[in-house]
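Please read the structure below before turning to the comments.
The values are calculated or read from the model by the stated rules, or taken from the named source; none is laboratory data. These numbers come from a predicted model, not from an experiment. No Cβ is skipped: glycine too gets one built from the backbone with ideal geometry, and neighbour counts run over all protein chains shown.
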Amino acid sequence: MSHNLDMSLYNYVDVPNSNLICCICRTPFTDPVTTRACAHTFCKDCILRAIEHSAQCPVDRSPLGPGNLAAANPIVRSLVDELVVECVHRAEGCMFTCQRQLLPAHLLDSCTYREVPCPQGKCEETMLFKDSILHVHKEDLEVDSVKIQDAPVAPATDEQTPSHRPASPSSTSTDESHENNSSPHIEVASSSISSSAIHETLDPRVATLTEQNILLRYRVDTLESLLHSFKHELGAVKRALGPWFRVGEGLEAGFASSRDVGRISTELPVGAQPASASTSTSTAGVVSVEGALPPPLEYQPPYAYAYPFPYSNTAPPMPPADSLAPYFPAELEDGAHPLRRQVRTHRASSSMEFMGPHLQPYDPHNPFSPPPHAPLVAPLNLGTTLEGTLHGLRESVVGLAASVDSMGRRHEIALTNETTRMAEEVGGLRAGLHGLRMQIHAIMMDRNAQLTGRDGMGDNMNGQWMPLAGVQPATRPFYPQQPSITKL
Amino acid sequence: MASISVRRLSKELTEIKSEGCPVGITLVKADDFSTWWFTIEVMGESLYQGEKYTLQFRFDSSYPISSPAVQFVVTDGHTSPIHPHVYSNGHICASILGNEWSPVLSVVAVCVTLQSMLASCKKKERPADNDRYVRSAPENPKKTRFHYDGKALSPIPHQYWI
């Protein structure tokens, strides 16, 4: 697109579609750009000049700045680039027509009317290409070409190269000016080349090569843009992974060692076996169905990074239970790490539910009993791979679950104790209450007896308190006469 | 830079020569790429029925990015129409010749706009400040800072511009 000014002077063989005409220069677009807001297309130079003068869209006067311009739709670009134009040397005689985008190559390499310097590099003269074929210096000629006179006369007297005749008159007629001005350019009689023959052989090949070149350029452009988009995606992936984006020592090492997971995981503490059964398949933090052990590789594709597998490269295989201690250092819990949430799928969360049934055998069988206080949770082990970090995380979760469970038990025990004690107390209170009731009863009986003793009524043999008709006990002094047998 | 105006004007000229002008507009002369003359006539029923006026266009090297200098010719027997936005020296107060110029517009488009400006006129009268403006107007109407407000385009000549 460096020939903008020239491009505006192109003659188009057919009348171009009016949609492809820039409204500013009234010629087909050169390097078209489209406005982002109002979707109007102009030549890049035209609209930039217009914006310099007045920052609004020429079509609808909406505000417009250089930043609001984007490259036009590739289809538009192709449409204008493929418009057929005449060679700029049409006036001189070149009848070549081609797609607009191919014209620069034609002018550079194949137009016979283009100016070239002396092919031998001996003189400073420039001439049209078609004449440069015949441009020779006197000293390069062979002996028998002495016969040949100056160019205008030479063909007529030349008997050795009849093939020159058709070509030379035309070339000499246009070459006169060249040959008259400088040292005589003598046609090489014995040379077997002729300008027309050269054109015939070279032109198609050059044209083909030019076309291929253009195609290759397009392919390179496409590939470059693809590469760019890949880079962009890769950058996004890199950002998403954060500290876990590390190029591994070898893809094979990472994948191959994953086969060892099943084996290595059997070294886990015995008590953790049921848990490890699921661990072995959670190479990517995924818990499989209990009892099923699909090949670990199955879970590689979603996390197809080149990681050194933790078990093989960075961390030692899971040793006996005591070394779980490193997972519980005295540090703060790394709670809501956003990355953790990102990479943790629903399957990881379901691991919690799955862990429930596993915990039953976990606690009593595991020689490593959780400490009486709540275990502290280790921070994320960022030094290892994603799987390693997730595994460490899972271990912390396991430990937390165990401690929660034990806390539950303690609560139960305490509750039971409390309940028992309370029951006992209640029983005691009840008994005391009963005793008091009996006492009162006995007292009332005694009083009753006193009153009935005066009135001649016996007390109820059941010991029940019976109100006496007509008796007004409040008016009489009441004194217990003898201790009651029911007094406690 | 000069070439973009030349290229664009040659395109416009080719178009005029091949497709002709709209009715009522005729090309008088376009010998170079700096000054063109047109005549415009308002067709149909209007205050200017039957009257023909001559417009002069002057282009600078950055046409069409910059607007052309357009005015009615008032020399050699030509007169300017009596219109609230046309001064007696031929200067025209029109927004498309000033801040509302766009490279999309063309010479023919300007002619058509002025034609409709005349056609829509309700009363033949000179602008209110015609005499004052004409006394001190610059030769090139583009040097005048016309002030366009919503209702009436009332020009404020350059020397009143602070």
| Can you spot a residue in region A:235-255 that is outside any helix (DSSP H, G or I) and either of a type in the set (Asp, Glu) or modelled with pLDDT of 70 or more (or both)? | yes
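Scan region A:17-58 for residues that are at negative phi and small (Gly, Ala, Ser) and jot them down.
Pass one, region A:17-58, residues at negative phi: A:17-25, A:27-30, A:32-38, A:40-58.
Result: A:Ser18, A:Ala37, A:Ala50, A:Ser54, A:Ala55.
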| request: Give just the number: which of (1) within 14 Å of chain B (Cβ to nearest Cβ); (2) at pLDDT below 90 does A:His89 not satisfy? | output: (1)
| task | State the number of residues belonging to region A:46-85 that are within 16 Å of B:Asn99 (Cα to Cα) and away from every other protein chain (no Cβ under 14 Å). | result | 0
| query | Which condition number does B:Thr35 fail, the rest of (1) at pLDDT 90 or above; (2) in contact with a Pro (Cβ under 9 Å, 6 or more places away or on another chain); (3) away from every other protein chain (no Cβ under 14 Å) being met? | reply | (2)
| field | Hey, B:Ala109 within 14 Å of chain A (Cβ to nearest Cβ) and not in a strand (DSSP E or B) or not | value | yes
| query | Among the residues of region A:54-76, how many are farther than 19 Å from B:Ser62 by Cβ, over 30 Å from the mean Cα position of the chain (by Cα) and not in a loop (DSSP other than H, G, I, E, B)? | reply | 2
| task | Give region A:6-45 a look and list any residue that's among the hydrophobic types (A, V, I, L, M, F, W, C) and within 12 Å of chain B (Cβ to nearest Cβ), or say none. | result | A:Met7, A:Leu9, A:Val15, A:Ile21, A:Cys22, A:Cys23, A:Ile24, A:Cys25, A:Phe42, A:Cys43
| query | Taking region B:68-87 as the search range and keeping residues that are surrounded by 18 or more Cβ atoms within 10 Å (Cβ to Cβ) and among the polar types (S, T, N, Q), which one is nearest to the other protein chains (Cβ to nearest Cβ)? | reply | B:Gln71
| What residue, among those in region B:1-22 that are more than 14 Å from chain A (Cβ to nearest Cβ) and within 17 Å of the chain's Cα centre (by Cα), is surrounded by the fewest Cβ atoms within 10 Å (Cβ to Cβ)? | B:Pro22
| Is it true that some residue in region A:50-60 is farther than 22 Å from B:Ser10 by Cβ and touching a residue at least 60 places away in the same chain (Cβ under 8 Å)? | no
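Can you tell me which residue is surrounded by the fewest Cβ atoms within 10 Å (Cβ to Cβ) among those in region A:99-132 that are in a helix (DSSP H, G or I) and free of Cβ contacts under 8 Å to residues at least 40 places away in the same chain?
A:Leu108
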